[in-house]
Amino acid sequence: MKVTSQLAIPLAEVTLRASRSSGPGGQHANVTASRIEAVFDVEESRTLSHAQRERIRARFGPRVTAVAQDARSQAQNRELALERLRGRLGSALAVQRPRTPTRPTAGSRRRRLEGKRRQSERKSQRRRPEGE
């Protein structure tokens with residue numbers, strides 16, 4: 001299962017479990033195990049590097065789980081669950097670009113102060129007149 005351009009996880013490391021679905025299917029749902037749960041154990045993986053393992057563990061914990069019960073077919077749900085698992089692992093491995101702090105522009109500072117002056121003037125108009 002290809003997760004990123006540099007990482008592919010063998011399906012042997014992903015545990016698939018089937019159970020009865022509460023989704024679509026009518027009476028068919030009562031007799032077939034079409035719900036699929038895909039579980040990836042981060043600790044037991046031989047494919048991940050130490051840094052990748054730490055990054056996934058920090059985001060999702062020691063086990064990453066994806067469930068699919070959208071379709072009537074077990075095969076379709078298996079594909080959906082694996083796709084969701086792939087997405088979760090990919091998002092956990094994505095390195096966030098550090099935010100570059102910026103300063104407010106001169107125009108935004110001017111607008112903010114002008115708004116404060118208008119509000120102050122509005123509130124001062126509500127006060128009782130001086131000297132009465």
Can you tell me which residue among Thr102, Thr65, Thr47 is assigned to a loop (DSSP other than H, G, I, E, B), among the β-branched types (Val, Ile, Thr), without any contact (Cβ under 8 Å) to a residue 40 or more places away in the chain and out of contact with any Cys (no Cβ under 9 Å at 6 or more places or on another chain)?
Thr102
Flag for Arg72 being surrounded by 11 or more Cβ atoms within 10 Å (Cβ to Cβ) and in a helix (DSSP H, G or I):
no
Number of the condition not met by Arg97 [criteria: (1) within 25 Å of Glu54 (Cβ to Cβ); (2) assigned to a helix (DSSP H, G or I); (3) not β-branched (Val, Ile, Thr)]:
(2)
Out of all the residues in the stretch 110-122, is one or more surrounded by 11 or more Cβ atoms within 10 Å (Cβ to Cβ), more than 29 Å from Glu43 (Cβ to Cβ), in contact (Cβ under 8 Å) with a residue 24 or more places away in the chain and of a type in the set (Lys, Arg)?
no
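For the stretch 20-38, which positions are modelled with pLDDT of 85 or more and touching a Lys or Arg at 6+ places or on another chain (Cβ under 6 Å)? Spell out the reasoning first.
As a first pass, look at the stretch 20-38 and keep what is modelled with pLDDT of 85 or more: 35-38.
Residues satisfying the conditions are Ile36, Glu37.
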Residues that are within 22 Å of Gln96 (Cβ to Cβ), surrounded by fewer than 18 Cβ atoms within 10 Å (Cβ to Cβ) and over 16 Å from the mean Cα position of the chain (by Cα), drawn from the stretch 35-61:
Ser49, His50, Ala51, Arg53, Glu54
Starting from the stretch 1-27, keep only residues that are under 16 Å from Ala81 (Cα atoms) and exposed (fewer than 11 other Cβ atoms within 10 Å of the Cβ), then list their pairs with residues that are among the basic types (Lys, Arg) and modelled with pLDDT of 80 or more whose Cβ atoms are within a distance under 9 Å, requiring at least 6 positions of separation or different chains.
Lys2/Arg86; Pro10/Arg46; Ser22/Arg35
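The values are calculated or read from the model by the stated rules, or taken from the named source; none is laboratory data. Quick caveat, the model's predicted, so the values are computed rather than measured. All Cβ positions, even for glycine, are placed from backbone atoms using ideal geometry, and neighbour counts span all protein chains on display.
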